[in-house]
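Heads up: the structure comes next, in structure tokens.
The values are calculated or read from the model by the stated rules, or taken from the named source; none is laboratory data. It should be emphasised that the depicted structure is a prediction, and the values quoted were computed from it without experimental measurement. Cβ sites come from the backbone with ideal geometry, for glycine too, and all protein chains shown count toward neighbours.
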Ligand SMILES: [Zn+2]
């Protein structure tokens with residue numbers, strides 16, 4: 001949506017603008033991605049995650065493709081056109097006569113060399129011996145390869161994204177997993193994740209995004225954001241004494257065993273079918289976490305079933321944990337997702353004036369026609385689960401007891 005403006009005439013100015021201006025342009029896109037994913041305000045999220053999750057290409061990559069496409073247009077122009085005459089003169093200056101140090105042609109020569117296309121600089125006629133589509137494919141391949149290697153180099157020094165790197169499929173998209181025809185053959189980093197298309201389970205999708213990003217507000221994350229030791233992040237829903245992190249929730253926490261057993265039974269069955277009988281439980285815990293959060297599981301059908309099951313599980317976990325989340329929000333002034341029936345969003349805190357106004361409106365409204373509040377709905381829905389209700393007061397007490405962070 002914002003890309004065309006930031007690409008306007010970039011054939012001419014890309015590579016010529018100051019680096020800080022280029023970084024600002026890239027930030028437009030990453031801020032957009034952060035908003036779409038609902039991760040505003042989350043700390044320590046890498047741009048790699050946000051781009052890869054939505055299949056967004058770096059603007060610098062797009063600019064280079066356009067510039068190199070324009071290079072071919074110049075070479076293919078009729079020799080008597082001013083464009084071709086000026087370009088030939090500039091190229092001659094650069095090669096033989098000196099000068100043209102600040103010209104577009106010099107930057108393009110550097111770009112062609114760095115992307116492995118130098119032969120097209122030394123012999124420009126080669127560019128016109130292949131058709132437009134073939135040149136485009138060649139340029140796209142070389143430029144995307146460069147940025148893929150750059151991403152790998154950058155991520156190799158970031159331990160925080162190690163799990164995500166193993167979760168996301170960076171290979172080229174196969175026809176059986178592609179949602180649209182245009183995605184077939186594209187690099188994984190440039191394809192939006194399929195699970196984000198789910199509009200039925202919005203809260204589940206939101207929780208899954210946060211799990212994949214490593215920013216789900218479980219106790220370990222809350223403690224980390226408060227610069228506290230990891231031992232302060234013990235699980236408030238069980239007495240295991242383990243730190244509550246994504247792995248604990250997905251694989252270990254006894255408080256969620258009932259829902260977990262259903263999820264794991266379905267996931268293990270489809271995983272075995274897709275992998276010649278291999279047991280999901282026999283793979284390591286890290287592999288299990290990655291598969292549950294969206295790593296390749298053998299077939300598209302298996303991945304879709306696991307996706308549905310995991311989202312359902314996460315919603316139930318978060319519903320059971322809602323009083324803990326609320327206690328954390330109250331205590332620390334956060335606005336983490338608590339739980340809601342209809343949307344996956346944290347309820348915004350009302351100002352005192354608006355809250356008073358809303359209370360007055362509700363008081364005037366007849367009880368028989370009034371829609372129950374979200375809190376009421378949550379309580380009503382929760383009352384069907386005796387185990388959840390029974391543990392919730394203890395959980396709140398435990399959460400408050402353990403949240404004595406001294407803040
Ligand atoms: Zn636990």
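Yes/no per residue for (1) under 30 Å from residue 206 (Cα atoms); (2) in contact with a strand residue (DSSP E or B) (Cβ under 7 Å, 6 or more places away or on another chain); (3) touching a residue at least 24 places away in the same chain (Cβ under 8 Å); (4) surrounded by fewer than 20 Cβ atoms within 10 Å (Cβ to Cβ):
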position	(1), (2), (3), (4)
39	yes, no, yes, yes
44	yes, no, yes, yes
47	yes, no, no, yes
65	no, no, yes, no
71	no, no, yes, no
78	no, no, no, yes
81	no, no, no, yes
93	no, no, no, yes
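Please determine whether any residue of segment 277-294 is at pLDDT 90 or above, within 16 Å of the ligand (Cβ to nearest atom) and either closer than 25 Å to residue 235 by Cα or surrounded by fewer than 20 Cβ atoms within 10 Å (Cβ to Cβ) (or both). Yes, the conditions are met somewhere in segment 277-294.
Counting only residues that are farther than 13 Å from residue 223 by Cβ and either near the ligand (Cβ under 8 Å from one of its atoms) or touching a helix residue (DSSP H, G or I) at 6+ places or on another chain (Cβ under 9 Å) (or both), segment 233-247 holds 7 of them. Going through 199, 218 one at a time, which residue ends up being under 18 Å from residue 39 (Cα atoms) and near the ligand (Cβ under 10 Å from one of its atoms)? Only one candidate passes the filter, namely 218. Take the conditions (1) more than 16 Å from the ligand (Cβ to nearest atom); (2) assigned to a helix (DSSP H, G or I); residue 258 misses just one of them, which is (1).
Reported count of residues in segment 221-231, each being part of a helix (DSSP H, G or I) and away from the ligand (no atom under 15 Å from the Cβ), is 2.
Within segment 20-37, residues that are touching a residue at least 40 places away in the same chain (Cβ under 8 Å) sit with their Cβ atoms under 6 Å from residues that are in a helix (DSSP H, G or I), at 6+ positions apart or across chains, in these pairs: 37/209.
Is at least one residue of segment 261-275 part of a loop (DSSP other than H, G, I, E, B), surrounded by fewer than 21 Cβ atoms within 10 Å (Cβ to Cβ) and touching a strand residue (DSSP E or B) at 6+ places or on another chain (Cβ under 8 Å)? Checked segment 261-275: no residue is part of a loop (DSSP other than H, G, I, E, B), surrounded by fewer than 21 Cβ atoms within 10 Å (Cβ to Cβ) and touching a strand residue (DSSP E or B) at 6+ places or on another chain (Cβ under 8 Å). Determine whether segment 312-334 contains at least one residue that is more than 16 Å from the ligand (Cβ to nearest atom), at pLDDT below 90 and not in a helix (DSSP H, G or I). Yes. Kindly evaluate residue 250 against the criterion of being touching a residue at least 12 places away in the same chain (Cβ under 8 Å), within 16 Å of the ligand (Cβ to nearest atom) and not in a loop (DSSP other than H, G, I, E, B). Yes, satisfied.
Pairs linking a residue in segment 123-134 that is under 16 Å from residue 66 (Cα atoms) to a residue that is surrounded by 10 or more Cβ atoms within 10 Å (Cβ to Cβ), with Cβ atoms under 6 Å and 6 or more positions apart or on different chains, are 127/72; 127/75; 127/120.
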